[in-house]
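Let me begin by presenting the structure, written as structure tokens, before commenting on it.
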Amino acid sequence: MNIPENLKYTEEHEWVKIEDGTAVMGITDFAQKMLTDVVFVELPEVGKQVEKGKPFIVVESVKSVSDVFAVLSGEVMEVNETVADDPALVNQDPYGKGWLVKIKISSVGETDSLLTHDAYLKLCEGEENK
Amino acid sequence: MKTIFEKWQRDDNGFTFAKLDVPDNEAVPEKFLRKSLELPIISEPEVIRHYTTLSKRNFGVDLGFYPLGSCTMKYNPKINEDVARLAGFTELHPYMPQSSCQGAMQLMYELTDYLKEIAGMDAVTLQPAAGSHGEFTGMMVMKNYFQEKGASRNKVLIPDSAHGTNPATVTMSGLTCVQVKSNQKGTVDLDDLRNKMDKDVVGIMLTNPNTLGLFEEDILEVIRIVHDKGGLAYCDGANLNAIMGLVRPGDLGFDVIHFNLHKSFSTPHGCGGPGAGPIGVKEFLKRYLPNPSIEKEDEIYRFFYSKDSIGKVKAFYGNFGMLVRAYTYIRGLGSDGIRLAAERAVLNANYMKERLKPHYHLTYDRICQHEFVIDDSNMPNGVTTNDIAKRLLDFGFHAPTVYFPLIVQGAMMIEPTETETKETLDQFIDALIQIKHEAENEPDKVKNAPWTTPVKRVDAVKAAREVDITYCTICS
């Protein structure tokens, strides 16, 4: 299972990379494996205000339709249009070309509750043994 | 196989009409006449062969075992069809005067009585045309009740094991869903329910037995928690087949229930049925039901309109032909038969569960109701639920419901119903056991199934990513 060390994670299997007050996020390798082949991604509009923990992206796979939750509160600065055209990128390269949105963080304190690499690894191992 | 359009006999009329004996330029003004009609022209035998071939490729409960969990694919007795075809029913028109359709009105009146008795409710409407439509009607009744009281409740509690239609209904009704967790036993987590039940909650939507095929043992407490905070309890009657004649949801405290006549009461299910999803309510909600209802006065049946009704949800009186079939089924079985059907459905499911237990991982190892859930967690060589479902087709069975309920990873939900013989149940179990052996010894046989069906393994990813649902030979 691929879990890069330089990223932060959530219990809902999203990853986030924080740089200069912005957060790039997507779904993890574990999440894309669980979903199986992604066939449709519905992205929010640029400029939308999002609230941490609220659903704002929909990812549909051959198996299910799932909400993706905002990892942090803020404003959507940019969305990955390439993924909307080619949803397979979420499966092929979840941490790279399969990124979903970039958020301008409004509340810096919220980053404290994100999971570290080790904590997320433990979470995934727990889920696999369920 | 070619489509009917590809079989178009371009050089042949296929059919000879009698010569037109009225002037053809007067019936319809010229400007409304189409020059050509793009319908295929094929001779009668070719049409018959085409559709007969298609019908042979179809699968239904008249052909084989159909253990599609949560759908109650029981056999539909043919006497239902005989009765529904009586001229007194088929030649009715909804605009006929009430005096000349008293028989049909009596049937509807008596059917509401039977459903009231089975569910323990005080009033029933037969209008909704599907289970989800019944859910929507019920939710609008609940919403109207609170609006009239001036209460601004806007949330509905739904367990995480629920059918997808429940949250869809709530959203369509302009309300918000709040998910309630399941506990280790697979039933509602009471602590989570207590935390989420507050003065903003319209009520709970609950399926009992739930989608794991488990009876909600704490049901009285669940409903008490909801009622104590002023909420209402909605019973999703999808799984009524397990409890009809044994437990009445109204007696448990439910305020509203929908019935699926195409599940529990043997009317056709699937491929447009059409469905029928009556709802039952307690007395205090009766006046909100869709108009009209049928009342009986001095042996005369008449339509009654309530001024507080939520309005119509379907043209006229619902899918009447289905009401005739359900009525026939209930009258045919009688109250003892209804109860026996439920008991046998539960017995069949438990028999299958116990025989499969040594071979497949049983997600919740408890006595089940009319269905149970196994999963693919102990399958070797990466064989998945999807592969098992496909391989089952080679044995001549319909696959069970797969990947639902969502709270069980790789779920296979098996519902045999009461109408199957022990021999059929054993054949299906033996097929599943054989598939387990194949998964161990020759996994490719399972992973690439089906082998014997007209359509082999379909490319679900390509179908979803490159959607093409138009047939373009003639439109291009």
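The values are calculated or read from the model by the stated rules, or taken from the named source; none is laboratory data. In this text the structure is predicted, and so the values were computed from the model without any measurement. When we count neighbours, we look across all protein chains shown, and the Cβ atoms used for this are built from the backbone with ideal geometry, even at glycine.
Against the condition within 14 Å of chain A (Cβ to nearest Cβ) and farther than 30 Å from residue B:36 by Cα, how does residue B:431 come out, does it pass? So residue B:431 fails the test.
Among the residues making up segment B:87-108, those that are out of contact with any helix residue (DSSP H, G or I) (no Cβ under 8 Å at 6 or more places or on another chain) and of a type in the set (A, V, I, L, M) are B:87, B:96.
Conditions (1) away from chain B (no Cβ under 14 Å); (2) surrounded by fewer than 21 Cβ atoms within 10 Å (Cβ to Cβ), marked per residue:
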{"residue": "A:4", "(1), (2)": "yes, yes"}
{"residue": "A:10", "(1), (2)": "yes, no"}
{"residue": "A:19", "(1), (2)": "yes, yes"}
{"residue": "A:33", "(1), (2)": "no, yes"}
{"residue": "A:68", "(1), (2)": "yes, no"}
{"residue": "A:90", "(1), (2)": "no, no"}
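Residue-level analysis places residue A:36 outside the set of residues that are farther than 23 Å from residue A:123 by Cα and among the polar types (S, T, N, Q). Please determine whether any residue of segment A:84-92 is in contact with a strand residue (DSSP E or B) (Cβ under 6 Å, 6 or more places away or on another chain), hydrophobic (A, V, I, L, M, F, W, C) and closer than 27 Å to residue B:178 by Cβ. There is no residue in segment A:84-92 that is in contact with a strand residue (DSSP E or B) (Cβ under 6 Å, 6 or more places away or on another chain), hydrophobic (A, V, I, L, M, F, W, C) and closer than 27 Å to residue B:178 by Cβ. The requirement of being within 14 Å of another protein chain (Cβ to nearest Cβ), of a type in the set (Lys, Arg) and touching a strand residue (DSSP E or B) at 6+ places or on another chain (Cβ under 7 Å) is not satisfied by residue A:63. Total residues in segment B:217-242 satisfying the condition of being surrounded by 23 or more Cβ atoms within 10 Å (Cβ to Cβ), over 19 Å from residue B:283 (Cα atoms) and charged (D, E, K, R): the figure is 0.
Here A:77, A:25 are screened, and the one residue that is touching a Phe, Trp or Tyr at 6+ places or on another chain (Cβ under 7 Å), more than 14 Å from chain B (Cβ to nearest Cβ) and either surrounded by 14 or more Cβ atoms within 10 Å (Cβ to Cβ) or closer than 23 Å to residue B:467 by Cβ (or both) is A:25. Would you be able to tell me the number of residues in segment B:72-81 that are surrounded by fewer than 21 Cβ atoms within 10 Å (Cβ to Cβ) and either free of Cβ contacts under 8 Å to residues at least 40 places away in the same chain or not polar (S, T, N, Q) (or both)? The qualifying residues number 5. Of the residues making up segment B:271-283, just one is within 11 Å of residue B:256 (Cβ to Cβ), not in a loop (DSSP other than H, G, I, E, B) and not aliphatic (A, V, I, L, M), namely B:280.
So, residue B:53, is that one over 30 Å from residue B:324 (Cβ atoms) and without any contact (Cβ under 8 Å) to a residue 24 or more places away in the chain or not? Judged against the criteria, residue B:53 is not a match. Does residue B:250 satisfy being outside any helix (DSSP H, G or I) and in contact (Cβ under 8 Å) with a residue 12 or more places away in the chain? Considered against the rule, which asks whether it is outside any helix (DSSP H, G or I) and in contact (Cβ under 8 Å) with a residue 12 or more places away in the chain, residue B:250 comes out as no. Within segment B:387-407, the residues that satisfy the criterion of being farther than 21 Å from residue B:348 by Cβ and either among the aromatic types (Phe, Trp, Tyr) or modelled with pLDDT under 95 (or both) are B:403, B:406, B:407.
Among the candidates B:47, B:28, the residue that is touching a residue at least 40 places away in the same chain (Cβ under 8 Å) and not charged (D, E, K, R) is uniquely B:47. Filtering segment A:18-70 down to residues that are under 24 Å from residue A:128 (Cβ atoms) and among the charged types (D, E, K, R), which residue is farthest from the chain's Cα centre (by Cα)? Checking each candidate, the answer is A:63. State whether the residues of segment B:198-214 include one that is of a type in the set (Gly, Ala, Ser), buried (at least 24 other Cβ atoms within 10 Å of the Cβ), touching a helix residue (DSSP H, G or I) at 6+ places or on another chain (Cβ under 8 Å) and closer than 24 Å to residue B:369 by Cα. Among the residues of segment B:198-214, at least one is of a type in the set (Gly, Ala, Ser), buried (at least 24 other Cβ atoms within 10 Å of the Cβ), touching a helix residue (DSSP H, G or I) at 6+ places or on another chain (Cβ under 8 Å) and closer than 24 Å to residue B:369 by Cα, which makes the answer yes.
The numbered conditions (1) without any contact (Cβ under 8 Å) to a residue 40 or more places away in the chain; (2) of a type in the set (A, V, I, L, M); (3) in a loop (DSSP other than H, G, I, E, B) are all true for residue B:233 except (3). Residues that are assigned to a loop (DSSP other than H, G, I, E, B), within 24 Å of the chain's Cα centre (by Cα) and in contact (Cβ under 8 Å) with a residue 60 or more places away in the chain occur in segment B:180-198; there is at least one. Contact annotation: residue pairs with Cβ atoms under 8 Å, 6 or more positions apart or on different chains, pairing a residue in segment A:76-103 that is more than 20 Å from residue A:22 (Cβ to Cβ) and in contact (Cβ under 8 Å) with a residue 12 or more places away in the chain with a partner that is small (Gly, Ala, Ser) and crowded, with 19+ Cβ neighbours inside 10 Å, are A:90/A:26; A:90/A:98; A:91/A:98. Taken together, the criteria exclude residue B:26 from residues that are surrounded by 11 or more Cβ atoms within 10 Å (Cβ to Cβ), modelled with pLDDT under 90 and not basic (Lys, Arg). For segment B:382-397: of the residues being of a type in the set (A, V, I, L, M), under 13 Å from residue B:439 (Cα atoms) and more than 13 Å from chain A (Cβ to nearest Cβ), which is surrounded by the fewest Cβ atoms within 10 Å (Cβ to Cβ)? Per the stated criteria, the residue is B:383. Among the numbered conditions (1) of a type in the set (A, V, I, L, M); (2) in contact (Cβ under 8 Å) with a residue 40 or more places away in the chain; (3) within 14 Å of another protein chain (Cβ to nearest Cβ); (4) surrounded by fewer than 16 Cβ atoms within 10 Å (Cβ to Cβ), the only one that residue A:108 does not meet is (3). What about residue B:19, is it assigned to a loop (DSSP other than H, G, I, E, B) and surrounded by 10 or more Cβ atoms within 10 Å (Cβ to Cβ)? It is false that residue B:19 is assigned to a loop (DSSP other than H, G, I, E, B) and surrounded by 10 or more Cβ atoms within 10 Å (Cβ to Cβ). In segment B:398-416, the residues that are part of a loop (DSSP other than H, G, I, E, B) and surrounded by fewer than 22 Cβ atoms within 10 Å (Cβ to Cβ) form Cβ pairs under 7 Å with partners that are acidic (Asp, Glu) and at pLDDT below 95, at six or more places apart or across chains, as follows: B:407/B:160. Tally time: how many residues in segment B:435-476 are at pLDDT 95 or above, exposed (fewer than 14 other Cβ atoms within 10 Å of the Cβ) and not in a loop (DSSP other than H, G, I, E, B)? Final tally of qualifying residues: 4.
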